[in-house]
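Reading through the structure tokens given below for one structure.
The values are calculated or read from the model by the stated rules, or taken from the named source; none is laboratory data. Keep in mind it's a predicted model, so treat the numbers as computed, not measured. Here the Cβ positions follow ideal geometry from the backbone for every residue, glycine too, while neighbour counts run over all protein chains shown. Calculation scope for accessible area: heavy atoms of the full protein, side chains included, ligands and nucleic acids excluded. Shrake-Rupley method; radii C 1.70, N 1.55, O 1.52, S 1.80 Å.
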Amino acid sequence: MSIAWLILGGLIGVVAADRKHFNMLAGGAVGALLGPFSLLMFFASGAKVRVCPFCAEKIAAEAKVCKHCRRDLPATV
């Protein structure tokens, strides 16, 4: 059971880190420590994001200026 805990948590951590553009190795390590509880954290983090139309990086949905390319963003509806 403990091996399944490590593997499941590690995989969830890697996927979550990849989606949020974090270090995948660190995400896998933290996920392995948390096990299936990392699944709860994965779905609980509901930050709204959008893609910058100029540099294609992910930014907060409410952002007025892109934190990557520093360009003013068009208003969203």
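The table that follows gives values for the structure above.
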{"quantity": "Dipole moment magnitude, nearest 20 debye, the chain about Cα centre, only Lys, Arg, Asp, Glu C-beta charged", "calculated": "280 debye"}
{"quantity": "Listed residues Val30, Val14, Val51, most fluctuating in the chain (Gaussian network, C-alpha, under 10 Å)", "calculated": "Val51"}
{"quantity": "At R0 = 25 Å, FRET efficiency that the Cβ-Cβ distance of Arg71 and Phe22 yields, to 0.05", "calculated": "0.55"}
{"quantity": "Rounded to whole Å, sorted largest first: equivalent-ellipsoid semi-axes of the chain, Cα gyration tensor", "calculated": "33, 12, 7"}
{"quantity": "Rounded percent of accessible protein surface that carbon and sulfur make up, the chain, 1.4 Å probe", "calculated": "69 percent"}
